[in-house]
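Participant: The structure follows.
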Amino acid sequence: MHSYTLQQLASIVEVDYKGNPNQVITNISTLKLANKTDLSFFCDPRLMPDLLTTKAGAIIVTAEMAQKTDNNTLISANPYALYARLTHLFYNEPDPLYMIHPSACIASSVKLPESVSIGANVVIEDNVTIGKHSVIGAGCYIGHNVSIGKRCQLYPNVSLYYDTKLDDYVTLHSGAVIGADGFGYAPENDQWIKIVQLGAVRIGFDVEIGANTCIDRGAITDTIIEDGVKIDNLVQIAHNVRVGENTAIAGCVGIAGSTSIGENCQIGGGASINGHITLADGVIVAGNAMVTKSIAKAGVYSSGTGLQTNRDWRRSVVRFRQLDDMAKRIQSLEKKITELSKTKIQEEVL
Amino acid sequence: MHSYTLQQLASIVEVDYKGNPNQVITNISTLKLANKTDLSFFCDPRLMPDLLTTKAGAIIVTAEMAQKTDNNTLISANPYALYARLTHLFYNEPDPLYMIHPSACIASSVKLPESVSIGANVVIEDNVTIGKHSVIGAGCYIGHNVSIGKRCQLYPNVSLYYDTKLDDYVTLHSGAVIGADGFGYAPENDQWIKIVQLGAVRIGFDVEIGANTCIDRGAITDTIIEDGVKIDNLVQIAHNVRVGENTAIAGCVGIAGSTSIGENCQIGGGASINGHITLADGVIVAGNAMVTKSIAKAGVYSSGTGLQTNRDWRRSVVRFRQLDDMAKRIQSLEKKITELSKTKIQEEVL
Amino acid sequence: MHSYTLQQLASIVEVDYKGNPNQVITNISTLKLANKTDLSFFCDPRLMPDLLTTKAGAIIVTAEMAQKTDNNTLISANPYALYARLTHLFYNEPDPLYMIHPSACIASSVKLPESVSIGANVVIEDNVTIGKHSVIGAGCYIGHNVSIGKRCQLYPNVSLYYDTKLDDYVTLHSGAVIGADGFGYAPENDQWIKIVQLGAVRIGFDVEIGANTCIDRGAITDTIIEDGVKIDNLVQIAHNVRVGENTAIAGCVGIAGSTSIGENCQIGGGASINGHITLADGVIVAGNAMVTKSIAKAGVYSSGTGLQTNRDWRRSVVRFRQLDDMAKRIQSLEKKITELSKTKIQEEVL
């Protein structure tokens, strides 16, 4: 059970506050659901009605909003970011034991720092290095020559193939598979010849990777996820992809081989990105969009058709197939009209 | 090897039958493939030819069809549902051992009922409760404070994060990950600040969840899967989603954060559903559809373009980009025509 | 560290070479990145500039190109396939130990050949057979009655449900789940009655299956993956699907139940394929395409709209909904024009 006074919270995150310094805060909640010992936050103008009726013990608001409410407030130019920082004080996750579970199978060549936590049934192969305060969840597999930085957290049942490199503060959720073979085969007489994937995967500082997400090892050079990248669940990142700093990729996205995604991009859920293309920094791809070509300029990009009732949609789809024909008929109509108008004018002249 | 007489089957499921009470049935098959000791079923009129030629020892049919065939029959108003119920008699899955495997790592605080089955290398953390007759497959990870109801089945290598709650009769297939962090970050100076996910996941009665499916824990309140929901493989359900009773979700669907899906909905495979929207009860979303807005009315909804040869498709896509221009040109054509027609009439008047 | 002379490489793969027989080759790289002991390859005419400037110790080229360069060369009619074959000589993956790890839990009924490698915490149930030289990675679960052929490789944390059959030379990557229940339920009074899945999964010779891919067991008959099929990561293959010989399926594809895919097909990443349909041999489905109907003829098929800026796209989407109306207005314009032209002509005649 967490408990802070308003004053304590303000001093921990070094912001100003307004109201009762001794107001006790035990949890975080929404404006609507908050009770009198909950902290809440106001970022979305549409929630103004909730702000006026909330029972929250304190609210994170901008200096301007702080004038307009009698509630206890924590004041920030970016209330949503302050909320994010404060969630770390109300963490419910049980602490790791910082011990090595006796059931773990660790290659004799491996030397681990005292501060790591190795869960039950973890398997660590030869030549692995793990940094201080890193937590390896139960059932994880750490392949040969893997290096894991400081303060990394692997949740249970993660698989890291040989030669994978994680920088510090990397978080991998359960079922993530890093370093499996890229999908590479050469066709020869109706058969596929396997291309052994000689590269590896390198993951930067402060990267978080979601559950059951897959990042394949490179064919020749490495697949690279740069610092600060955030990747959601069930994402497929193929061999030799590079994802630039601080880019965020939502769930169910697929990125095909050798594509380069810029920095500070946002890729919406379910988007498919073609191989061997480049997305510029700051590109935002809408959910479910199909990206077939490179994108040279920052901006928001979309594809697909809007949702319709199945009945109407069937009509639209038939016409979609006829689009080229329709366009040509419009052209010929335009020609005929012009001719007709001409003759009209001549008559009037006569 | 299963074996029943026609009479036995009829009495077990309490339906009428027609034909030889002593007909032996050892398995279930399709009309086409059935041999003389197989039970089959007729639900699809297109399979009438198979019905006339089947070698099945007995067939599940409606009372009306029973008149039209000389085969042995089991009679039901809903033959497909009766087939479904009867499959449970021909189950081939090996029974669990209902023992605790010595290799399982179970926190000392945990008290398990005698009737549970705990597989090899299962890890069970502090404060976990598991109901009678539940089966936990090999290599599953059960996090702190998880509660699992009665007669649940977890197939091997499932991961349940801390605080996850499963009601009775819940089935989770291998690789499912329940309770991983929702994808929540607040942007601040080109960086992402992690929002600690303080909620959990609650899963209702008689829910089945497919292999490698992910259901994220809530940001503040819980992510909720209501009673009777069926979810296929490789589905992503983001934080704070609510899925209503008896809704079925096919494979590869992605549902973004805070969206509410109604009861008795059907979501087709590969569909992408936007965040912060609401789907009414009884909504059917076609496979691969992109749902960007709330749907207020039950019905079937679709999006996307039909499949074309790549050559024709390239033409359609070019025109899709020109659609707005095409529409405007049609308008101006209509104006010109009206003018021309007017002047025509005047001439005739003169 | 691998090391071969040019002459050795030529003789191993039985091709001609040109240049210094004693040139030492220690690795494979791209034309651009290669250093003087790297082997590279030239398949893409667009890389001609790199060919002219590469520092590679030798290059795989066609006989024709061999005339045009002074580099050391290995000569092949299909340089890309020769590159693929040669990657196998520069393999970095640590060898398995070909031992049975003491932590593995193996049912007493199971007899294993001496040459297999069974990793830590592997669970092998009753009645399993495994062929010579097969490698089962750490944490894999091998269900009852599974049969695994010779020289198969299961990477860590693969789950094989009961009755799954793998032929020889099958590779399964981490997190793959083979034989989970197909998604089958019969509706009865707003509820779903589970259809027990009585079939299994059969996987052919030289099949490779990617990380976290799911292949469901059949409802009555088996789900079948034929010889030489290659499947990427995060692919969903539903019950009773059949995938024909040497077909390749890229990442994030979903194939719904009872669909039959022909031989030598290529399914692009993120494609969704409907259930109960048939794709002919040699069909190529573009990435992210939606296949709703059977395809009878080999060829390349696509769907979807091109990517646009969100602003332009919004306009196109509105018009997509109006397509049927637009088409009808074009028709009526064409009628009116014809009438006007007629009267025009009459006037001229008068």
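The values are calculated or read from the model by the stated rules, or taken from the named source; none is laboratory data. For clarity, every value in this text was computed on a predicted model and none was experimentally measured. Reconstructed Cβ throughout: ideal geometry from the backbone, glycine too, with neighbour counts over all protein chains shown. Just the protein is used for accessible areas: all its heavy atoms, side chains included, with ligands, DNA and RNA removed. Shrake-Rupley method; radii C 1.70, N 1.55, O 1.52, S 1.80 Å.
Participant: Using the charge dipole of chain C (Lys, Arg: +1 at Cβ; Asp, Glu: -1 at Cβ; taken about the Cα centre), state which of C:Ser108, C:Gly137, C:Leu86 has its Cα farthest towards the positive end.
Facilitator: So the residue we want is C:Leu86.
Participant: For region B:1-130, with only Lys/Arg (+1) and Asp/Glu (-1) charged at the beta-carbon, what is the dipole magnitude about the Cα centre, in debye rounded to 20?
Facilitator: The calculation lands at about 460 debye.
Participant: Right, something else. From other protein chains only, count the Cβ atoms within 10 Å of every residue's Cβ in B:90-103, then give the mean.
Facilitator: Mean number of neighbouring Cβ atoms from other chains: 3.
Participant: If packing is taken as the average number of other Cβ atoms within 10 Å across a peptide's residues, how do C:41-52, B:266-277 rank, most packed first?
Facilitator: B:266-277, C:41-52
Participant: Given +1 on the Cβ of Lys and Arg, -1 on the Cβ of Asp and Glu, and no further charges, what dipole in debye does region C:7-57 carry about its Cα centre, rounded to the nearest 20?
Facilitator: Charge dipole of region C:7-57: 200 debye, to the nearest 20.
Participant: Among B:Ile237, B:Gly204, B:Gln322, whose Cα sits farthest toward the positive end of the charge dipole of region B:202-328 (+1 at Cβ of Lys/Arg, -1 at Cβ of Asp/Glu, about the Cα centre)?
Facilitator: Towards the positive end, the residue furthest out is B:Gln322.
Participant: Follow-up question, since we're still on this one. With label points built 7 Å along Cα→Cβ from the Cα atoms of B:Asn189 and A:His101, find their separation and express it in nm.
Facilitator: Using points 7 Å along Cα→Cβ, the separation is 4.0 nm.
Participant: Between A:Gln308, A:Tyr169, A:Asn264, whose Cα lies farthest towards the positive end of the dipole of chain A when Lys and Arg beta carbons carry +1 and Asp and Glu beta carbons carry -1, centred on the Cα centre?
Facilitator: Of the options given, the answer is A:Gln308.
Participant: What FRET efficiency comes out for C:Glu339 versus B:Gln67 if R0 is 60 angstrom and r is the Cβ-Cβ distance? Round to the nearest 0.05.
Facilitator: Working from the Cβ atoms, E equals 0.50.
Participant: Using a 1.4 Å probe and counting only protein heavy atoms, how much accessible surface gets buried when B and A come together, both sides summed, in Å² to the nearest 100?
Facilitator: 6300 Å²
Participant: Could you order peptides B:177-184, C:143-150, C:167-174 by the average number of other Cβ atoms within 10 Å of their residues, highest first?
Facilitator: For the peptides B:177-184, C:143-150, C:167-174, the packing ranking is B:177-184, C:167-174, C:143-150.
Participant: Please tell me the relative contact order of region A:10-49 in percent, rounded to the nearest whole number, where contacts are Cα pairs under 8 Å and at least six residues apart.
Facilitator: So the answer I get is 26 percent.
Participant: What does the C-alpha gyration tensor say about the overall shape of region A:217-264? Classify as rounded when a/c is under 1.5, otherwise prolate if a/b is larger than b/c, or oblate.
Facilitator: The shape class here is oblate.
Participant: Identify the residues of region A:15-37 with backbone N under 19 Å of a label point that sits 7 angstrom from the Cα of A:Gln7 along the Cα-to-Cβ direction, or state none.
Facilitator: A:15-26, A:37
Participant: Let me check against my output: what whole-number percent is the relative contact order of chain B, with C-alpha pairs under 8 Å and at least 6 apart?
Facilitator: Rounded, it is 6 percent for chain B.
Participant: Here's a follow-up. What residues in region C:224-268 lose 40 Å² or more of accessible surface when the other protein chains are added to their chain alone (1.4 Å probe)?
Facilitator: Residues losing area: C:Lys230, C:Asp232, C:Asn233, C:Leu234, C:Gln236, C:Asn246, C:Cys252.
Participant: Going by a ≥ b ≥ c, the root eigenvalues of the Cα gyration tensor, does the protein assembly as shown fall in the rounded group (a/c under 1.5), the prolate group (a/b larger than b/c) or the oblate group?
Facilitator: rounded
Participant: Computed on alpha carbon atoms, what radius of gyration and Dmax characterise chain A, expressed in Å?
Facilitator: Rg, Dmax (Cα atoms, Å): 28.1, 106.
Participant: For C:Arg321, put the label point 7 Å out on the Cα→Cβ axis and report which residues of region B:243-279 keep their amide N under 18 Å from it.
Facilitator: B:274, B:277-279
Participant: Under a 5 Å amide H to amide H cut-off, with H placed in plane at 1.01 Å, what residues pair with A:Thr171 once short-range neighbours are removed?
Facilitator: Amide H to amide H, under 5 Å and 5 or more residues apart or across chains, A:Thr171 pairs with A:Gln153, A:Val207, A:Glu208, A:Ile209.
Participant: Give the separation of the Cα centroids, region C:236-257 to region A:114-180, in Å.
Facilitator: Rounded to whole Å, the Cα centres lie 32 Å apart.
Participant: Here is a follow-up. Go ahead and run the numbers for FRET between A:Arg151 and A:Lys55, Cβ-Cβ distance against an R0 of 35 Å, rounding to 0.05.
Facilitator: With a Förster radius of 35 Å, E is 0.40.
Participant: Taking each label point as 7 Å beyond Cα in the direction of the beta carbon, state the distances from C:Gly299 to the same residue in the other copies, shortest first, in nm.
Facilitator: In ascending order, 3.4, 3.4 nm.
Participant: Over region C:30-123, what is the relative contact order in whole percent, taking alpha-carbon pairs under 8 Å and six or more residues apart?
Facilitator: 20 percent
Participant: Now for a separate question. Rg and Dmax of region B:189-336 over Cα atoms: what are they, in angstrom?
Facilitator: Using the Cα atoms of region B:189-336, the pair Rg, Dmax is 19.5, 65 Å.
Participant: Note down, for region C:121-168, the three equivalent ellipsoid semi-axes (square root of 5 times each alpha carbon gyration tensor eigenvalue), biggest first, whole angstrom.
Facilitator: Ellipsoid half-lengths, sorted descending, are 14, 13, 8 Å.
Participant: Still on this structure, I have one more. Using only atoms on other chains, find how many Cβ atoms lie within 10 Å of each Cβ of peptide C:115-123 and report the average.
Facilitator: Mean partner-chain Cβ count within 10 Å for C:115-123: 5.
Participant: Something else about it: If you take the square roots of the eigenvalues of the alpha-carbon gyration tensor of region C:1-157 and sort them as a ≥ b ≥ c, do you get rounded (a/c under 1.5), prolate (a/b over b/c) or oblate?
Facilitator: In terms of gyration-tensor shape, prolate.
Participant: Report Rg (one decimal) and Dmax (nearest whole number) for region C:114-255, counting Cα atoms only, units Å.
Facilitator: Gyration radius and largest Cα-Cα distance of region C:114-255: 14.8, 55 Å.
Participant: Oh, and also: For label points placed 7 Å from Cα toward Cβ, what is the shortest-first list of nm distances from B:Ala77 to its copies?
Facilitator: 6.9, 6.9
Participant: Right, something else. What nm value, rounded to one decimal, do you get for the distance between A:Lys328 and A:Ala77 when each label is placed 7 Å out toward the C-beta?
Facilitator: 6.0 nm
Participant: At C:His276, label 7 Å along Cα→Cβ: distances to the other copies, nm, ascending?
Facilitator: Sorted ascending, the copy-to-copy spacings read 4.0, 4.0 nm.
Participant: Give me the number: length gained by fully extending A:Leu47 to A:Glu14, i.e. 0.36 nm times residue separation minus the C-alpha to C-alpha distance, one decimal in nm.
Facilitator: Contour length minus the Cα-Cα distance gives 9.3 nm.
Participant: Over all alpha-carbon pairs in region B:5-88, figure out the percentage whose distance exceeds 21 Å.
Facilitator: 13 percent
Participant: Per DSSP helix of 4 or more residues, -39500 (n - 2.57); summed, then divided by the residues of chain A. What does that give at 222 nm, rounded to the nearest 500?
Facilitator: One gets -6000 deg cm²/dmol as the mean residue ellipticity at 222 nm.
Participant: Measure out, as a whole number of angstrom, how far apart the alpha-carbon centroids of region B:1-78 and region C:9-58 sit.
Facilitator: 67 Å
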